[in-house]
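Chemist: This is the structure, below, for whatever I ask next.
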């Protein structure tokens, strides 16, 4: 049976078909829909974890017990989860462990623009990269198989366009994992990463990645070679493949479904068949750097392709048309520039209780350290009452640090604003620091009773509302 599915929905479907038993996530656009969809399958235990680190740790525990497990997050969430992930690469898995990371080129809903492919080389962790909804489902299933076959966690990277675009998907049935459930106390050297054990696992990791590279060089499902006009060939992946294929369908393509380890033999064969190679990829020159390091001569890459922002067919057409076809790029007859469109800036919801709070803070003339969430809109006119915001949980630490510089003169002049979900995510530690070290700042906890900005997902906050003074300031 075929259905039109969103990329994120397809990942959830692929996990279910692969026999996943545990799914964990912290919501963050563009990844949030994955866990929301996975909750619809009764065979799977799902949770909104307090943060991404917890999500990966819970998923790894499920894997050690023999269950297939999925953890999902956006790109900045992988920063939070990197502590356990970098060591899980050493320990390996029992049941398949897949971590989905959704990048956000052009920062549609993020505080920065990261290329998560850099984690896979840094952490020596394999990464698959689907281009459409069908591949989202298929690659998720392949990721679980590879995880168990090579004893590694596997990263599955998507981008905003892949996560939120719809395409036809061939559905399959659920197949339960054959990995036996249970815990083995004799595997201490595998799962306790103290130096005497981790040094051995470090060597094992190199061997596992080497075997994986050899395997993926022969996997036609992950890497697709399309030979047509051999005067120019494109090496590309993810959404960039679809955009480039749309503009230059008559040329040759090597679509890499695995970002790491790269299939050297497949790449070498493609260079032999095509005269000139252009590498098209979003964000960092990840593929370009690695392929050049292999000794291959690349015709064009980031010398023409932008390194900032999301790629579109129009951008690819504009920067590559002349070098590929020899013809000048023709500007479309009708050009709609972003600055010509009416502005639709985000705003706090009508009746939101945060609005009068920000009016009051502005009237008091306070310097406000904010956080990640809808209340960050307090920084924009007409409120203009937030002055610094860095990452999840940073408001309390920032206000505490500023207060230490200002001393008692800062009393009543500096405050931190943080929502309940963000407080549970990474605000508790900074608050403990501020209290223990006698800070001079004020912390205001905005109790939304949900994770407001990413779709009203549940938080653990209601469990604490019986504790006086913990929640319910606003």
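The values are calculated or read from the model by the stated rules, or taken from the named source; none is laboratory data. All of these numbers come straight from a predicted model, not from anything done at the bench. A quick note on method: Cβ atoms are made from the backbone with ideal geometry, for glycine too, and the neighbour counts reach across all protein chains shown.
Yes/no matrix, rows are residues, columns are (1) buried (at least 20 other Cβ atoms within 10 Å of the Cβ); (2) at positive phi; (3) over 26 Å from the mean Cα position of the chain (by Cα); (4) assigned to a strand (DSSP E or B):
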{"position": "347", "(1), (2), (3), (4)": "no, no, no, no"}
{"position": "352", "(1), (2), (3), (4)": "no, no, yes, no"}
{"position": "404", "(1), (2), (3), (4)": "no, no, yes, no"}
{"position": "409", "(1), (2), (3), (4)": "no, no, yes, no"}
{"position": "416", "(1), (2), (3), (4)": "yes, no, yes, yes"}
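The rows are residues; the columns are (1) modelled with pLDDT of 95 or more; (2) not in a loop (DSSP other than H, G, I, E, B).
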residue: 147; (1), (2): yes, yes
residue: 155; (1), (2): yes, yes
residue: 158; (1), (2): yes, yes
residue: 162; (1), (2): no, yes
residue: 167; (1), (2): no, yes
residue: 179; (1), (2): no, no
residue: 183; (1), (2): no, no
residue: 188; (1), (2): no, yes
residue: 197; (1), (2): no, yes
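Chemist: Moving to a separate point now. Which of (1) at negative phi; (2) outside the structural domain of residue 123 (by TED's automatic domain parsing); (3) surrounded by 15 or more Cβ atoms within 10 Å (Cβ to Cβ) is the odd one out, the single condition residue 209 does not satisfy?
Modeler: Going through (1) at negative phi; (2) outside the structural domain of residue 123 (by TED's automatic domain parsing); (3) surrounded by 15 or more Cβ atoms within 10 Å (Cβ to Cβ) one by one, residue 209 breaks only (2).
Chemist: So, of the residues in segment 367-394 that are assigned to a loop (DSSP other than H, G, I, E, B) and in contact (Cβ under 8 Å) with a residue 60 or more places away in the chain, which turns out to be surrounded by the fewest Cβ atoms within 10 Å (Cβ to Cβ)? Break it down stepwise before answering.
Modeler: Quick first cut of segment 367-394, residues assigned to a loop (DSSP other than H, G, I, E, B) only: 370-373, 380-387, 389-393.
Retained after the next criterion (residues that are in contact (Cβ under 8 Å) with a residue 60 or more places away in the chain): 372-373, 389-392.
Values: 372: 25, 373: 24, 389: 20, 390: 15, 391: 17, 392: 25.
Going through the qualifying residues, I end up with 390.
Chemist: Another question, if that's okay. Test each condition in (1) crowded, with 22+ Cβ neighbours inside 10 Å; (2) closer than 24 Å to residue 285 by Cβ; (3) at pLDDT below 95 for residue 56 and report the one that comes out false.
Modeler: Looking at each condition in turn, residue 56 falls short on (2).
Chemist: Would you please list the contacts, defined by Cβ atoms under 9 Å and residues six or more apart or on different chains, that run from a residue in segment 331-346 that is closer than 23 Å to residue 376 by Cβ to a residue that is modelled with pLDDT of 75 or more and not in a helix (DSSP H, G or I)?
Modeler: 345/380; 345/381; 346/380
Chemist: Now, a different point. Here is a check on your reading of the model: is residue 99 part of a strand (DSSP E or B) and in contact with a helix residue (DSSP H, G or I) (Cβ under 8 Å, 6 or more places away or on another chain)? Break it down stepwise before answering.
Modeler: On the way: part of a strand (DSSP E or B): yes; in contact with a helix residue (DSSP H, G or I) (Cβ under 8 Å, 6 or more places away or on another chain): yes.
Answer is yes for this residue.
Chemist: Then there is this: Does segment 217-224 contain any residue that is in contact (Cβ under 8 Å) with a residue 60 or more places away in the chain, touching a helix residue (DSSP H, G or I) at 6+ places or on another chain (Cβ under 6 Å) and in a loop (DSSP other than H, G, I, E, B)?
Modeler: Checked against the condition, which is being in contact (Cβ under 8 Å) with a residue 60 or more places away in the chain, touching a helix residue (DSSP H, G or I) at 6+ places or on another chain (Cβ under 6 Å) and in a loop (DSSP other than H, G, I, E, B), segment 217-224 yields at least one hit.
Chemist: Further, regarding this structure: Of 297, 272, which residue is in a helix (DSSP H, G or I), free of Cβ contacts under 8 Å to residues at least 60 places away in the same chain and closer than 30 Å to residue 209 by Cα? Steps first, answer last, please.
Modeler: Numbers: 297 fails: in a helix (DSSP H, G or I).
Checking each option against the conditions leaves just 272.
Chemist: Now a separate question. Here's a check for you: in segment 106-138, which residue that is touching a strand residue (DSSP E or B) at 6+ places or on another chain (Cβ under 6 Å) and in a loop (DSSP other than H, G, I, E, B) is nearest to residue 173 (Cα to Cα)?
Modeler: Kept after step one, since they are touching a strand residue (DSSP E or B) at 6+ places or on another chain (Cβ under 6 Å), are these residues of segment 106-138: 116-117, 120-121, 125-129, 132-134, 137.
Next, from what is left, pick out any that are in a loop (DSSP other than H, G, I, E, B): 116, 125-126, 129, 132.
Numbers: 116: 31, 125: 28, 126: 26, 129: 23, 132: 20 Å.
Per the criteria, the residue is 132.
Chemist: Can we say residue 209 is in contact (Cβ under 8 Å) with a residue 40 or more places away in the chain, under 23 Å from the mean Cα position of the chain (by Cα) and in a strand (DSSP E or B)?
Modeler: Values: in contact (Cβ under 8 Å) with a residue 40 or more places away in the chain: yes; under 23 Å from the mean Cα position of the chain (by Cα): yes; in a strand (DSSP E or B): no.
Criteria not met by residue 209.
Chemist: Here is a check on your reading of the model: is residue 288 under 30 Å from residue 107 (Cα atoms), out of contact with any strand residue (DSSP E or B) (no Cβ under 8 Å at 6 or more places or on another chain) and in a helix (DSSP H, G or I)? Step through it out loud before you land on a result.
Modeler: Details: under 30 Å from residue 107 (Cα atoms): yes; out of contact with any strand residue (DSSP E or B) (no Cβ under 8 Å at 6 or more places or on another chain): no; in a helix (DSSP H, G or I): yes.
No, not satisfied.
Chemist: Can you pull out the residues in segment 164-180 that are touching a helix residue (DSSP H, G or I) at 6+ places or on another chain (Cβ under 9 Å), surrounded by 10 or more Cβ atoms within 10 Å (Cβ to Cβ) and more than 26 Å from residue 109 (Cα to Cα)?
Modeler: 168, 169, 170, 171, 172, 174, 175, 177, 179
Chemist: If you scan segment 418-433, which residues turn out to be assigned to a helix (DSSP H, G or I), over 22 Å from the mean Cα position of the chain (by Cα) and crowded, with 22+ Cβ neighbours inside 10 Å? Full working, then the answer.
Modeler: Of all residues in segment 418-433, those assigned to a helix (DSSP H, G or I) come to 420-433.
Next cut, over 22 Å from the mean Cα position of the chain (by Cα) only: 420, 428-433.
Correct list: 420, 430.
Chemist: Assess whether residue 122 counts as being without any contact (Cβ under 8 Å) to a residue 40 or more places away in the chain and either under 19 Å from the mean Cα position of the chain (by Cα) or surrounded by 14 or more Cβ atoms within 10 Å (Cβ to Cβ) (or both). Before you say what the answer is, go through the steps one by one.
Modeler: Details: without any contact (Cβ under 8 Å) to a residue 40 or more places away in the chain: yes; either under 19 Å from the mean Cα position of the chain (by Cα) or surrounded by 14 or more Cβ atoms within 10 Å (Cβ to Cβ) (or both): yes.
Yes: the conditions hold for residue 122.
Chemist: Something else now. Output the number of residues of segment 315-340 satisfying the condition of being in a loop (DSSP other than H, G, I, E, B) and at pLDDT 80 or above. Give the steps one after another, and end with the answer.
Modeler: Filtering segment 315-340 for residues in a loop (DSSP other than H, G, I, E, B) gives 326-337.
Filter once more, so that each one left must be at pLDDT 80 or above: 326-327.
Total satisfying the criteria: 2.
Chemist: Give the number of residues within segment 229-258 that are within 26 Å of residue 156 (Cα to Cα), outside any strand (DSSP E or B) and touching a residue at least 60 places away in the same chain (Cβ under 8 Å).
Modeler: Within segment 229-258, the first condition is being within 26 Å of residue 156 (Cα to Cα), and the residues that meet it are 233-246, 252-258.
With the extra rule that they be outside any strand (DSSP E or B), the set shrinks to 237-246, 257.
This time we only want the ones that are touching a residue at least 60 places away in the same chain (Cβ under 8 Å), so: 237-244, 246, 257.
Total satisfying the criteria: 10.
Chemist: Which of the residues belonging to segment 1-55 are more than 19 Å from residue 75 (Cβ to Cβ), in contact with a strand residue (DSSP E or B) (Cβ under 6 Å, 6 or more places away or on another chain) and assigned to a helix (DSSP H, G or I)?
Modeler: 10, 15, 38
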